[in-house]
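Below is one structure; the comments refer to it alone.
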Amino acid sequence: MQIKKIALTSTALLRGFLVFILLLLLSLWVLGFQVFSTYVVEKQHSLSTIAGSMQKRIDKYRVAAYQLYDASGKNDALALQPNGAQEVRLRPDVYFIDKPHKKTDAMIFGSHESATYPRALAMSRYLDVLWGAENNNFTLYYLNGSDNSLTLISTQPLRETNPRFRDSYIGLLVDSRRNEMLQQANILDERESFSPLRKYRFLNDYYFTQRMIFNQPGHLATIIAFDLPINDIIPLNMARANFVLNSAAELNTTDGSVDDDDLDGAQTPRVYSRMNGAMLEITAPLSNAPLSMTYRVSLISLALDLLHNNLWLVLIDL
């Protein structure tokens, strides 16, 4: 029985190598697509968790703002003062509240009524309990509509920065917050507003400001603002500088309504991703606030990062 030999010509070898190269390129494309899809899904889950944590924090300080405002109108609550507390005048319009067993520092800016000091003291005591177990930097700004004074209560040390107060970072921060709050008081149809993400000048901490306005008959509006940090709710593998906090209207349709495709079966906004030029944007709307948290990453840096993390697989394939 004669065995037939397969003739290997140059054309057959060339075709075989071409098919093999095409299969390798196809496997590289499938690998890259799978790695990219896994990255996007992971970031979407992380951003959904971040948005949920931010929403809980916003709801918590909504309640705290109403409690502080309601307590400020009750003289019996303000009359309870801890022993050893006193109001120290540092400058003509700057007053420091010196109290024992403190978690927070409190200062009053501007001429104020006699009820402003016990009110600030009571708010400071309330925040001592609320922020007692916190390691992040929290700050309260209380713009009193009765005497137009501004009370600042913060977990950061305030008195040490006061000797050159007008030229210090705290002084500029207070002036900018006062201007923001006065501008907010002139907006009649908006009772709550939020700032973009900000960064402390001397710390690698990012935060946003939540402002709430309370109208008072016969007086200017009273505004309560909180500086709320986000460092503790962001995973370590996500760069804080890549986050952007937008109002929901900027990412919705032109008339400000939400598309039906952006709602799931429970009528809650879902996380989505899109390409914006050379940037990949992953956005998670908040469920009970007109805000959207966006994570932006450059496609070039993303490709280099994914290539670095999967270098051995690519080299084996090549």
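The values are calculated or read from the model by the stated rules, or taken from the named source; none is laboratory data. Worth saying up front: this structure is predicted, and the values here are computed from it rather than measured. Cβ sites come from the backbone with ideal geometry, for glycine too, and all protein chains shown count toward neighbours.
What to note about this one:
- Options Arg178, Arg191, Arg125; residue that is modelled with pLDDT of 80 or more and closer than 20 Å to Arg62 by Cβ: Arg191
- Filter result (surrounded by fewer than 21 Cβ atoms within 10 Å (Cβ to Cβ) and either touching a residue at least 40 places away in the same chain (Cβ under 8 Å) or not assigned by TED's automatic domain parsing to the domain that holds Phe226 (or both)) within the stretch 110-121: Gly110, Ala115, Pro118
- Number of residues in the stretch 122-146 that are in contact with a helix residue (DSSP H, G or I) (Cβ under 7 Å, 6 or more places away or on another chain), surrounded by fewer than 20 Cβ atoms within 10 Å (Cβ to Cβ) and among the polar types (S, T, N, Q) equals 1.
- Close pairs (7 angstrom Cβ cut-off, 6 or more residues apart or separate chains): over 18 Å from Ser273 (Cα atoms) and surrounded by 17 or more Cβ atoms within 10 Å (Cβ to Cβ) in the stretch 223-247, modelled with pLDDT under 90 and of a type in the set (Ser, Thr, Tyr) anywhere: Ile224/Tyr69
- Every residue from the stretch 272-308 that is touching a residue at least 60 places away in the same chain (Cβ under 8 Å) and either exposed (fewer than 11 other Cβ atoms within 10 Å of the Cβ) or part of a helix (DSSP H, G or I) (or both): Leu302, Leu306
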